[in-house]
1. What aspartates and glutamates does Lys260 reach when the alpha-carbon gap must be under 17 Å and sequence neighbours fewer than 8 apart in one chain are set aside?
2. Explain nothing, just the number: relative contact order of the chain, from Cα pairs under 8 Å at least 6 residues apart, as a whole percent.
3. Treat the chain as a sphere of radius equal to its Kirkwood radius over Cα pairs and apply Stokes-Einstein at 4 °C in a medium of 1.567 mPa s; give the translational diffusion coefficient in µm²/s, rounded to a whole number.
4. Filter Lys149/Lys345; Lys269/Lys345; Lys149/Lys269; Lys149/Lys215 down to the pairs with a C-alpha to C-alpha distance above 23 Å, please.
5. Using the Cα atoms of region 200-254 to build a convex hull, what is its mean projected area in square nanometres?
6. Just round it to a whole percent: the fraction of Cα-Cα distances in region 20-117 exceeding 20 Å.
7. Could you bin all the Cα-Cα distances of region 1-65 into 5 Å bins starting at 0 and give me the percent of pairs in each, rounded to whole numbers?
8. Taking the alpha-carbon centroid of each part, what is the distance from region 306-365 to region 189-210 in angstrom?
Amino acid sequence: MNFQFSEDAEALRREARKFLAAQSAPAQARAVMNSEGGIDRELWRKITDLGWTGLRIPETHGGLGLSVLELCVLAEEVGRALAPVPFTSSVLLATEALLTCGTPAQQAIWLPRLGDGSATGAVALAEGVLPAGAQSRITVRDNTLSGVKRPVPDAMLADFLIVAAQDGLHLVERGASGLVVEPLETVDLVRRSATVTLDNTPAEPLQGSREGLEKFLQSAAVLLAFEGLGGAEAAMEMAIGYARERMAFGRPIAGYQAVKHRLADMYIKNQLARSHAYYGAWALSTGAPELPQAAAAARVAALDAYGFAAEENVQLHGGIGYTWESDCQFHYRRARLLSGMLGSKAHWEDALVRSLEQRNTMIAA
């Protein structure tokens, strides 16, 4: 079993990191945070020109037809850079939902537009504290949906929504009757969210029903684990950089044992998250039967690593870390947002335990 990415994927990683370092500094995130639009349109245009929006889309639909492994690499780099674009909503989630469960007609209509950047999508999963799936309160009747989804990241920008209900996923086009999308202030001020209200809104079901929804959530868990991993690495690097520069009693605070321990704890959690994310990517790319537990483990480890690194980064910056001017806030806020997407960490811990129990039962039988 080889957990290393290919030379081509590593080359893509290097170029993506170089590009985003030049185009997506915290200053861009801060500018979007203070703007009305909620997106860096010039950066999004450049990302579209690079072909990142069509990376996973088959060539028959105008995309590049690359594997999910290359998409994992980009997810990590976008998470590292906090790029203020709808990459996660449109490329990682909406596109993946259509590739996993979309009908041939839905794929023919939307995948080419997602690939060339002429359209964006968003996925409506959360209903407050409820996770996606079995506990959804969305009512389905005669190909219409009724209910409320919140928060839905990037919904204000999206041309269509993929909505999770108890019976699976449904596609709702922007402008459909009974659809109301209203801005919602959440902890992440860079990635804008909305409340989506559906009132007998026409919708097209995707394929796969409940099984399709579960399969999509496992794919999404792996992809978002890479975004969280990139953010965790960036938060740790920010903390290390500050600890090397900040002087106390005549020497950098990085030289004190207590600070070293906290940085070492960050590194260990990040490496654990990386191992699980790579395992999840392998299971997803090969269709391995281990995918349910691999995806759940990747999700849990990434949330643990990003949450810890973001909080410790604020702590190590001392009083300045709590100020509005500090860039520490961006990773803290993004980690909190990611922890609420796809269901809570506790939800995925339960999923991991259930999948391990099922595996052990099958082995014992």
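1. By straight Cα distance, Lys260 reaches Glu233, Glu237, Glu245, Glu311, Glu312.
2. With pairs under 8 Å counted, the relative contact order is 16 percent.
3. On the way: Rh = 20.9 Å.
The diffusion coefficient I find is 62 µm²/s.
4. The pairs that break the limit, which is 23 Å between Cα atoms, are Lys149/Lys269.
5. For region 200-254, averaging the hull's shadow over all directions gives 6.8 nm².
6. Of the Cα pairs, 36 percent sit more than 20 Å apart.
7. Once binned at 5 Å, the Cα pair distances of region 1-65 give 4, 14, 17, 20, 18, 13, 9, 4, 1, 0.
8. Cα centres, region 306-365 to region 189-210: 24 Å.
The values are calculated or read from the model by the stated rules, or taken from the named source; none is laboratory data. All of these numbers come straight from a predicted model, not from anything done at the bench. SASA here: full protein model, heavy atoms, side chains in, ligands and nucleic acids out. Shrake-Rupley method; radii C 1.70, N 1.55, O 1.52, S 1.80 Å.
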